[in-house]
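Rule-based calculations on the coordinates, nothing more; no lab input. Note that the coordinates shown come from a computational prediction; the quantities given were computed from them, not determined experimentally. Please note: Cβ atoms are built from the backbone with ideal geometry, for glycine as well, and neighbour counts cover all protein chains shown.
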Amino acid sequence: MTDTTDTLDLKAAREKYRRERDRRLRPDGATQYRRAAGEFGYYAKDPYTQRVEREPVEDRVEVLVIGAGFGGLLTAARLREAGAESIRLMDEAGDVGGTWYWNRYPGVRCDIESYVYMPLLEEVGTMPTERYAPGDEIRRHSVAIAEHYNLYPDALFQTRGTSLDWDEESDEWIVGTDRGDRFRARFVITSSGTMTQAKLPGIPGIETFRGHTFHTSRWDYGYTAGSADGGLTGLADKRVAVVGTGATGLQVVPHVGADARELVVFQRTPSTVDVRDNRPTDAAWAASLRPGWQRERMENFLAVLAGEPVEESLVQDGWTATTALQRQILTGAVDESLTLEERERRDELDDLATMNRLRSRIDEIVEDPATAEALKPWYRYMCKRPGFSDTYLPTFNRPNVTLVDTADAGGITRVTETSVVVGDEEYEVDCLIFATGFEVGISGVMSGTLPVTGRGGRTLLEAWAQGPRTLHGFSSHGFPNLFHLSGIQNANSVNFAHILLEQAEHIAAVIARGREVGARYLEPTAGAEDDWVRTVHETASDTRAFQAECTPGYYNGEGSRSIAGAAYSPGPIAFHRLLREWREAGMEDVLVGATVGAAR
Ligand code: NAP
């Protein structure tokens, strides 16, 4: 392309992207959704585990870990290795696994290569069966981690924390739960996830629907029959609606399309759908791996994603091919040899080339031209979470599958007792499945559903009234022995399982150091916290201009704001190095009342 053609292409793309964004912007932005609670509590009910009644617990543990997904499991595992004996996992779910406990819909798989996504493979002694492993295999791996580190005996499932109060007499947390428990914990670690609350679109009339309905994170196999591998024979005589075409929709639609009498997919914004290229694990390759291989592969993948130089990229997939584009909203190194203007122009051209390739892919696969056109995404690559599938697009060639584009109507217009209505068109269905995602960024401590009261009776929400204040994202002044795993004021990456592993190891190392020097408790000094908040703000890259041009979605607060601001912009490799150096320097910023050799 010549420079002039590039400029013309970019101009045309920008205009088209703006028009498509404006078709979807809604005045109600992020308030358009309904929480799966109260009137809609049915959508959040656990279909996988019967509720078990039990007596309240009133004991004392050394460590309470709230949330038994990967973050909680990994922290508990590393604490166990560091010598902690009394560890209690607590979760609302009926077992460990977090997102992999809840999401069991047909087709569920990890989107990141499982050899770098599934943590502790070498410790537990297992190898994923496929490059992108099925969800149930990942859930069972979570169970294996809990068993390997003996985390079941003290665990409390089907239990939600309702209060954390610091007791200054005993230097312990007093923990309240929705089961009437009142126990004590020396350390509390919150790892309650940021995408746990299922959300429903605020479509008028949902509550009047008389057919069968559920959210993908509570899949009703009692109704559909089959399993996550498909075989949904219960849908053979059913007309089914799937609402939502995000990462979940991409995985669900091929199975429902294969098994339902009729499937109508209601789309508001198309996802990008790149090549998946899943394959079984090569046994010879697996046998050739040397001890330490997983960590090396994880570090390599993270470095490639973070824009750091590597000798060889070991993973090489759709994520590693788009690292410069991910820099628009994710932390990492940028090419300093170019000016900001040159970099932005190069990235925008790369973005356009990638999006053009993905739009052409749709034309190559989808036979009906109108359907192909409606499936095309018109926005920059990282405006929405990138998607991958080799089975989603071909599903629209099936005679029993219809795509309904709802963009002009601003989404589905209403639901009646028997139908889904878009504009003037009514689609009668027996079953209505919501693949409409989750409230984002809402952990219990941030939303106030788990009130935390620290030293001097000050609540965490009061302390964070002007925004989160932490040292390295983990702990806050005034809240001793309390650590968070999160995406706040630290670095991020699409391989969040790796980010959680580093966070878990850091927290375990800090607690072990506290024990080693006989610290009375662990709490960052106000000065260390101030310094870190300032560092994060000073290094933060401003993503607002990019986000404002994006089609609405949860990455940009449904078009109203940037939610990706408060991270450590130099990226995960730089952040992990910084943490390592801080640990090696003795961790003095958090050791309160150490009795031996704290200072170096
Ligand atoms: P999501 O990305 O939030 O997608 C929700 C879908 O519902 C979107 O297509 C949205 O359209 C649509 N929608 C919302 N309101 C609507 C309305 N009123 N009418 C019609 N459509 C409506 O949720 P998700 O697909 O469950 O994914 C959530 C996140 O979970 C992902 O981004 C990813 O991080 C994670 N995930 C990962 C995997 C994996 O790794 N394998 C799989 C699934 C999910 P708009 O786009 O127009 O808002």
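Miscellaneous remarks
- Packing-based order for 75-84, 24-33, 196-205, using average beta carbon neighbours within 10 Å, highest first: 75-84, 196-205, 24-33
- Take every pair of alpha-carbon atoms less than 8 Å apart whose residues are at least six positions apart; their mean separation over the length of the chain yields a relative contact order of 20 percent.
- Between D277 and R261, full extension at 0.36 nm per residue minus the direct alpha carbon distance yields a gain of 2.9 nm.
- Helix axis angle, 526-539 relative to the chain longest principal axis, alpha carbon, degrees: 30 degrees
- Environment charge of L200, counting only residues whose C-beta is closer than 9 Å and scoring Lys/Arg +1, Asp/Glu -1: +3
- Within the shell of other residues whose beta carbon sits under 13 angstrom from the beta carbon of R109, the net charge comes to -3, with Lys and Arg scored +1 and Asp and Glu -1.
- In the chain, the longest principal axis of the Cα atoms and the axis of helix 70-81 are about 30 degrees apart.
- Left without a cysteine partner by the 4.7 Å Cβ rule in the chain: C110, C431.
- In terms of packing, defined here as the mean over residues of other Cβ atoms within 10 angstrom, the peptides 544-554, 469-479 line up highest first as 469-479, 544-554.
- Each Lys or Arg adds one and each Asp or Glu subtracts one; over the other residues with Cβ under 15 Å from the Cβ of E169, this totals 0.
- Using the Cβ-Cβ distance between R357 and E169 with R0 set to 51 Å, the FRET efficiency from 1/(1 + (r/R0)^6) comes to roughly 0.20.
- Cα-based convex hull volume of segment 25-174 per residue, rounded to whole Å³: 182 Å³
- Acute angle (nearest 10 degrees) that the helix 247-259 long axis makes with the longest principal axis of the chain, alpha-carbon atoms: 50 degrees
- Of K16/K384; K11/K376; K45/K199; K199/K384; K199/K376, pairs whose Cα-Cα distance is over 22 Å: K199/K376
- Normalised size of the chain, defined as Cα radius of gyration per 2.2 N^0.38 Å with N residues, equals 0.97.
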